[in-house]
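K.L.:
Please see the structure below; I have some questions.
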Amino acid sequence: MSALAHAGTDNTFGSWVDQMTDWVEGSLGKGIAISFVIVGIIMGVVRQSLMAFAIGVGAALGLIYAPGIINNMFSAVL
């Protein structure tokens, strides 16, 4: 049971996780987030609805905040 309590401390894929986090939190992630917002604006105009814009903004916010949330979820040690 004690191994389950420390499951988030394993560092097997640490370098891969660090690389993905750097990409998402860096200029690549910001570019993708801006693209989400632009596509949301365009789709909102095409569909004449603000929901497409809201989904684009929500996806952008999710992309920006996801690494921190996931890191906090899996780094908690009991």
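K.L.:
Look at the stretch 67-78 and say how many of its residues are part of a helix (DSSP H, G or I) and of a type in the set (G, A, S). Working first, answer last.
P.N.:
First pass over the stretch 67-78, keeping only residues part of a helix (DSSP H, G or I): 67-75.
If we keep only those that are of a type in the set (G, A, S) too, we end up with 68, 75.
Within the stretch 67-78, residues that are part of a helix (DSSP H, G or I) and of a type in the set (G, A, S) number 2.
K.L.:
What is the residue count in the stretch 21-66 for residues that are more than 16 Å from the chain's Cα centre (by Cα) and outside any helix (DSSP H, G or I)?
P.N.:
Result for the stretch 21-66: 2.
K.L.:
With the structure loaded, tell me whether F53 is surrounded by 13 or more Cβ atoms within 10 Å (Cβ to Cβ), among the hydrophobic types (A, V, I, L, M, F, W, C) and modelled with pLDDT of 90 or more or whether it fails that test.
P.N.:
For F53, the condition - surrounded by 13 or more Cβ atoms within 10 Å (Cβ to Cβ), among the hydrophobic types (A, V, I, L, M, F, W, C) and modelled with pLDDT of 90 or more - is not met.
K.L.:
May I pose another question? Please give the number of the condition G62 fails out of (1) out of contact with any Ser or Thr (no Cβ under 9 Å at 6 or more places or on another chain); (2) modelled with pLDDT of 90 or more; (3) surrounded by 13 or more Cβ atoms within 10 Å (Cβ to Cβ); (4) small (G, A, S).
P.N.:
(3)
The values are calculated or read from the model by the stated rules, or taken from the named source; none is laboratory data. What you see is a predicted model, and the numbers here were worked out from it, not measured in a lab. Cβ atoms come from the backbone with ideal geometry, glycine included; neighbour counts cover every protein chain shown.
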